[in-house]
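One structure is given below, encoded as structure tokens.
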Amino acid sequence: MLLLTLVVWVVMFYRRITAIQALGLRPRTRADLDQLGPAAVNASNNLQNLFELPVVFYACVLALLQTNQADALHVACAVGFFTFRIAHSAIHCTYNEVMHRFSVYAIASLFLWIMVVRLALATLFPAA
């Protein structure tokens, strides 16, 4: 997930610089950056999105490791979350079809919430 965030940041940075140079702009505010066109804006929006649910993922993984509760289902869900987040970023940073993006976002989210709920249940109701 950290590498995915770095890749999207590099894409956003490149697209912003390219658009700024092509348009001859000197952006001063965030609103100026939002005028750079969909390629730059979509990459920026996706980078922001990588600091939303993925933060829950990081916390869940750390808690699973700290409590020694990670199992095969958690790993499968983590891989599923990561895989669908890659697809989400790829869609968001390229053709950005909202329903395609939403579908992979929903699937990724399902994997994450399974992890979170299982962790919560195991923490609240430990095996006797």
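The values are calculated or read from the model by the stated rules, or taken from the named source; none is laboratory data. Everything numeric in this text was worked out from a predicted model, so none of it was measured. We place every Cβ from the backbone using ideal geometry, glycine too, and count neighbours over all the protein chains shown.
Part of a helix (DSSP H, G or I) and exposed (fewer than 13 other Cβ atoms within 10 Å of the Cβ) - does that describe any residue in the stretch 83-94?
no
Check off (1) under 16 Å from C93 (Cβ atoms); (2) more than 10 Å from the chain's Cα centre (by Cα); (3) in a helix (DSSP H, G or I); (4) without any contact (Cβ under 8 Å) to a residue 40 or more places away in the chain for L36 and give me the number that stays unchecked.
Only one criterion in (1) under 16 Å from C93 (Cβ atoms); (2) more than 10 Å from the chain's Cα centre (by Cα); (3) in a helix (DSSP H, G or I); (4) without any contact (Cβ under 8 Å) to a residue 40 or more places away in the chain is unmet by L36, namely (3).
Give me the residue from the stretch 63-75 that is in a helix (DSSP H, G or I) and without any contact (Cβ under 8 Å) to a residue 12 or more places away in the chain and, out of that set, surrounded by the most Cβ atoms within 10 Å (Cβ to Cβ). Please lay out each step first, then the result.
Within the stretch 63-75, the subset in a helix (DSSP H, G or I) is 63-66, 72-75.
Applying the additional criterion that residues be without any contact (Cβ under 8 Å) to a residue 12 or more places away in the chain yields 65-66, 72, 75.
Numbers: L65: 11, Q66: 9, A72: 7, V75: 13.
For the stretch 63-75, the residue satisfying everything is V75.
Quick one: L25 ticks every box in (1) in a helix (DSSP H, G or I); (2) more than 11 Å from the chain's Cα centre (by Cα) bar one, so which box is it?
Every listed condition holds for L25 apart from (1).
Looking for something over 18 Å from the mean Cα position of the chain (by Cα) and either assigned to a helix (DSSP H, G or I) or surrounded by 15 or more Cβ atoms within 10 Å (Cβ to Cβ) (or both) - is there at least one such residue anywhere in the stretch 95-109?
No: zero hits.
Please pick out the residue among I91, I114, I107, I86 that is in contact (Cβ under 8 Å) with a residue 60 or more places away in the chain and among the β-branched types (V, I, T).
The match here is I86.
Residue under question is V79, and the condition is that it be under 22 Å from W113 (Cα atoms), hydrophobic (A, V, I, L, M, F, W, C) and either modelled with pLDDT under 95 or exposed (fewer than 12 other Cβ atoms within 10 Å of the Cβ) (or both); does it hold?
yes
Find all pairs meeting these conditions: Cβ atoms under 7 angstrom apart; at least six residues apart or on different chains; first residue within the stretch 39-61 and surrounded by fewer than 15 Cβ atoms within 10 Å (Cβ to Cβ) and among the small types (G, A, S); second residue at pLDDT below 95 and assigned to a helix (DSSP H, G or I).
Matching pairs, first to second residue: none at all.
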